[in-house]
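Step one of this worksheet: look at the structure below.
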Amino acid sequence: MTIDMHSHYYGGLVEALRQRTLRPYIAPDVDGRDVLNAMTASTTVSTGYTDVPSRLAYLDAAAIGTQLMTFPGALGLDVMPVAEVAGTIRAFNDRLAAICRASAGRLVGLAGLPLADVGMAVAELRRARRELGLLGAILPGNFFLSIERAGALRPLFAAADEVGTLFMIHPGLAPGENPPAPFPDCSLYRSSVLALQASISQMCLTLIFGDLLDSHGNVAIQLVNLGGTLPFILERLEAVARSRDPQSPFPSERLRRLYYDTASLGPRALQVAVQVFGPDRIMLGTDYPILAPEAPTDTVARAKIDGAERALVLDGNARSLISRFS
């Protein structure tokens, strides 16, 4: 049964977003439809954002058996001052956990954390794992744009190792950051595609050159969007290492310490990623409801990979992770 390991849920957040006037906020368009103005783009709020029956109908139509739902970390709410958002995040996690428990295994979840206060984030992660039964949490990727910045999360990773945790690292702001300014032209594509995918590669670089992977063996890390541009430039990274610092080759083998999802990428990208990371490190992702392809499993069906590899991507790898932290 196919498993989708990358989707987001907005239930319980819509009213709070309607009260805001700065990104992220929700406001009606000229036709009265709610529009979510996120950090770099705006999208119409469909029923899939908040309505669980609509989500389940989508899963049925797409032949997806189980879906991982997360707090929408790209909004930046989880890095705002804790006095403003801690209660909202806690209530969201309660609601998400209740939905997952009532779904008979079709829905599993990752919590949001109040990351402007790492101590409070530690407490909420422990609660999410021990009391709510969520698999772990989503972390904003800008924490991982440098090894030094990622070090601020050491207490969180220590707690995650203690309770066993899946962390999804997803594009999102760090505390104190403002939404990026739009590009002067083609801003949607430059920000939501080119810059975003490059930034995900930076996050991956931080993880493989830092020591968080070595110090916390009871933590699994899922990096979204097939690791950004990294699968396509790995050979250049290795060539630069050979020519500039031959005594320290690029640590390509450490890429297999992470898991990667296919969200928003197609069959050609998946083929490359299977060759670079290995089929046992890749999972299907849809990015629902932000992106809702008509047939998300087509990405895997059309990729030039063999049947065993296809089975791992569609459900084998995800099933192992879910079982590990359930």
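Quick one: in the range 52-63, of everything that is in contact (Cβ under 8 Å) with a residue 12 or more places away in the chain and over 15 Å from LEU291 (Cα atoms), which residue is surrounded by the most Cβ atoms within 10 Å (Cβ to Cβ)? Explain how you work it out, then say what you get.
Residues of the range 52-63 in contact (Cβ under 8 Å) with a residue 12 or more places away in the chain: 52, 55-56, 58-59, 62-63.
After this cut, where a residue has to be over 15 Å from LEU291 (Cα atoms) as well, the list is 52, 56, 63.
Details: VAL52: 17, LEU56: 15, ALA63: 12.
Taking the candidates together, the pick is VAL52.
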(request) Being in contact (Cβ under 8 Å) with a residue 60 or more places away in the chain, crowded, with 16+ Cβ neighbours inside 10 Å and in a helix (DSSP H, G or I) narrows it down to one of ALA128, ALA74, ALA137, so name that one. (result) ALA74
(message) Can you list residue pairs whose Cβ atoms sit under 8 Å apart, with the first residue in the range 185-205 being farther than 15 Å from ILE233 by Cα and the second being surrounded by 18 or more Cβ atoms within 10 Å (Cβ to Cβ)? Count only pairs 6 or more apart in sequence or on different chains.
(response) SER187/THR40; LEU188/THR40; SER191/THR40; SER192/THR40; LEU196/THR40; LEU196/PRO171; LEU196/ASN225; LEU196/GLY228
(message) I need a count of the residues in the range 96-141 that are acidic (Asp, Glu) and farther than 24 Å from PRO81 by Cβ.
(response) 1
(request) Considering only the range 270-291, state which residues are under 13 Å from LEU321 (Cβ atoms) and in contact with a Lys or Arg (Cβ under 7 Å, 6 or more places away or on another chain). (result) ARG281
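Within the range 230-242, does at least one residue satisfy the condition of being within 30 Å of SER46 (Cα to Cα) and in a helix (DSSP H, G or I)?
No: zero hits.
Filter the range 180-234 down to the residues that are among the hydrophobic types (A, V, I, L, M, F, W, C) and in contact with an Asp or Glu (Cβ under 6 Å, 6 or more places away or on another chain), then identify the one that is farthest from HIS6 (Cα to Cα). So that I can check it myself, show each step before the final result.
The first filter runs over the range 180-234 and keeps only residues among the hydrophobic types (A, V, I, L, M, F, W, C), leaving 181, 183, 186, 188, 193-196, 198, 200, 203-205, 207-209, 212-213, 219-221, 223-224, 226, 230, 232-234.
Within this subset, residues satisfying the condition of being in contact with an Asp or Glu (Cβ under 6 Å, 6 or more places away or on another chain) are 219, 224.
Values: VAL219: 18, VAL224: 8 Å.
That would be VAL219.
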(request) State whether the residues of the range 150-160 include one that is part of a loop (DSSP other than H, G, I, E, B) and within 19 Å of the chain's Cα centre (by Cα). (result) no
(request) Please name all residue pairs, on different chains or six or more residues apart, with Cβ atoms under 6 Å, provided the first residue is in the range 271-292 and is closer than 10 Å to HIS6 by Cβ and in contact (Cβ under 8 Å) with a residue 40 or more places away in the chain and the second residue is of a type in the set (Gly, Ala, Ser) and in a helix (DSSP H, G or I). (result) MET283/ALA318
(message) Can you pull out every residue in the range 1-25 that is out of contact with any Phe, Trp or Tyr (no Cβ under 6 Å at 6 or more places or on another chain) and part of a strand (DSSP E or B)?
(response) THR2, ILE3, ASP4, MET5, HIS6, HIS8, TYR25
(request) Mind listing whichever residues of the range 241-271 are aliphatic (A, V, I, L, M) and either on the phi > 0 side of the Ramachandran plot or under 20 Å from the mean Cα position of the chain (by Cα) (or both)? (result) LEU255, LEU258, ALA263, LEU265, ALA269, LEU270
(message) If the requirement is being touching a helix residue (DSSP H, G or I) at 6+ places or on another chain (Cβ under 7 Å), surrounded by 23 or more Cβ atoms within 10 Å (Cβ to Cβ) and at pLDDT 95 or above, which of these qualifies: ILE208, ILE169, ILE147?
(response) ILE169
(message) Which condition from (1) crowded, with 22+ Cβ neighbours inside 10 Å; (2) among the polar types (S, T, N, Q); (3) over 30 Å from THR44 (Cα atoms) is the one that THR286 breaks?
(response) (3)
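The values are calculated or read from the model by the stated rules, or taken from the named source; none is laboratory data. It should be emphasised that the depicted structure is a prediction, and the values quoted were computed from it without experimental measurement. Don't worry about glycine lacking a Cβ; one is built from the backbone with ideal geometry, like all the others, and counts go over all protein chains shown.
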